[in-house]
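Below is one structure, written out as C-alpha cells, with a few remarks after it.
The values are calculated or read from the model by the stated rules, or taken from the named source; none is laboratory data. Values in this document were obtained by computation on a predicted structure and should not be read as measured data. Note that we place each Cβ from the backbone using ideal geometry, even for glycine, and neighbour counts take in every protein chain shown. These area figures cover heavy atoms from the full protein model, side chains too; ligands, DNA and RNA do not enter into them. Shrake-Rupley method; radii C 1.70, N 1.55, O 1.52, S 1.80 Å.
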Amino acid sequence: MQVRRHSYKRDAILRALMESKLHPTAEQIYTQLKPEIAGLSLATVYRNLSILKQDGVINSVGVVNGEERFDADTSRHAHLICSACGSVTDVETEIRLEDSVGEAEKTGIEITGYSITFYGKCKACCGGSI
C-alpha cells in the first residue's frame, strides 16, 4: 500500500464528507470549503476525492443527475436515490448479501464488493407520509 503524504486540503475534504449526510458532489464540497481554504480549486477537490476513493477511505455512491456523489461511511449500508429531487440518503435495512456472495463465489467467480441502491421517492418528496 502506498503511503500518501499528509495534505491539509485532503484532510479538509474528508472532514467535510464525514460531517455531511447529504452524500455531496465534488462541486458541493468545493463550494463549502472554498471560503476557508485559499487556493482551493475544483480540480484539487476531484483529485483528492479520487485518492480517498482509491485508498478505500470513502465510497462513490454513484452518479446522480450527471454528478458523482460521495460517502465517508464505508460500512455496508444501502442508499435511496430520489427520482424526484435527486437526494441520496442512507437506508436502514436488514438485507444481508453475505450468504448470496458466498453462494455466487461457489461458481468460481470472485466478488470484491457490492452495493445496494434503492430508487424511488424520499420521505420529503412523498409529503412526509412514509
Original post:
Using θ = phi - 60° and the Karplus form 6.51 cos²θ - 1.76 cosθ + 1.60, what ³J(HN,Hα) does each residue of region 92-104 get, whole Hz, x for Gly and Pro?
Top reply: 7, 8, 9, 4, 10, 9, 4, 5, 5, 4, x, 5, 5
Original post:
Among 14, 65, 81, which residue has its Cα positioned farthest towards the positive end of the charge dipole of the chain, with +1 placed on the Cβ of Lys and Arg, -1 on the Cβ of Asp and Glu, and the dipole taken about the Cα centre?
Top reply: 14
**OP:** Order the following by accessible area, largest value first: 109, 13. Probe radius 1.4 Å; ligands, DNA and RNA are ignored.
**Re:** 109, 13
Subject >> Cα principal axis extents for region 1-74, largest first, Å >> reply: 33, 32, 21
Original post:
Taking the Cα centre of the chain as the origin, how large is its charge dipole in debye, to the nearest 20, when only Lys and Arg (+1) and Asp and Glu (-1) carry charge on their Cβ atoms?
Top reply: 540
Original post:
Which is the longest stretch in the chain that no exposed loop site breaks, taking sites as GluC sites (Glu not before Pro) with a DSSP loop state and at most 11 other Cβ atoms within 10 Å?
Top reply: 37-91
**OP:** Hey, could you grab the Kirkwood Rh for region 37-130? Inverse mean 1/r over distinct alpha carbon pairs, Å, one decimal.
**Re:** 15.7
Original post:
Per the helix-only calculation at 222 nm, which mean residue ellipticity applies to the chain, given -39500 (n - 2.57) for every DSSP H run of n ≥ 4 and division by its residues, nearest 500 deg cm²/dmol?
Top reply: -9000 deg cm²/dmol
Original post:
With every protein chain present, what is the per residue accessible area of the chain (1.4 Å probe, Å²)?
Top reply: 66
